[in-house]
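Scroll down for the structure; my scribbles are underneath it.
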Amino acid sequence: MIRAECHTPDNHRMVQFDATPWFEEADAQTIVLLAGRDWVAPWVADALEGRPRYAQLRELLQYARDRLQTESLEDPTWSTFECRVNRFDALTWLDQNRREVAERIKMSR
C-alpha cells in the first residue's frame, strides 16, 4: 500500500487514501515527475476520485471545487488542495513492482 494524504488549505477537509492504483497505471515519466516534485501533486487525487472506494477523496475535491475555487480566482497559483504521497511507501513499492521506474528516480537525484 502506498499511503497518500490530501487536505484543503483551510484544513476543513483531510483524507488519507491508498495511491497504489495510480502507481500501477501511471506512466514512468509521470511517476518520475511526481518524485521530482517531492511527491506532491494534485493529479494523483484527480485520477482516483472517481473510483468506488474513494468517496471521501471525491468529497474533499468537490469541497475544494465548490467552496475554495472561487477564492482562488484572484490568485491562480493558489491551490485549492494539496496531495502528498508517502515517499517511503512509494519507493518501496516501486522497488518491488516497477524496478525500472525506481532506478530512474534514483538516477535523477
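The values are calculated or read from the model by the stated rules, or taken from the named source; none is laboratory data. The structure presented is a predicted model; accordingly, all values stated were derived computationally and were not measured. We place every Cβ from the backbone using ideal geometry, glycine too, and count neighbours over all the protein chains shown. Just so you know, the surface numbers come from the protein's heavy atoms only, side chains and all, with ligands and any DNA or RNA stripped out. Shrake-Rupley method; radii C 1.70, N 1.55, O 1.52, S 1.80 Å.
A few remarks follow.
- Once all protein chains are placed together, Met14 keeps about 110 Å² accessible to a 1.4 angstrom probe.
- Low-density loop positions, GluC sites (Glu not before Pro), the range 1-108 - DSSP coil, at most 15 other Cβ in 10 Å: Glu74
- As a length-normalised measure over Cα pairs under 8 Å and 6 or more apart, the relative contact order of the chain settles at 38 percent.
- Per-residue SASA entry for Arg58, accessible area with 1.4 Å probe, Å² rounded to 10: 80
- Length gained when the stretch Arg58-Asp38 is fully extended (0.36 nm per residue, less Cα-Cα span): 4.9 nm
- Using only side-chain charges placed at the Cβ, +1 for Lys and Arg and -1 for Asp and Glu, the dipole size of the chain relative to its Cα centre rounds to 340 debye.
- Modelled FRET efficiency - R0 22 Å, Met107 with Glu24, Cβ distances, 0.05 increments: 0.50
- Only protein heavy atoms count here; under a 1.4 Å probe, Ser108 has an accessible surface of about 80 Å².
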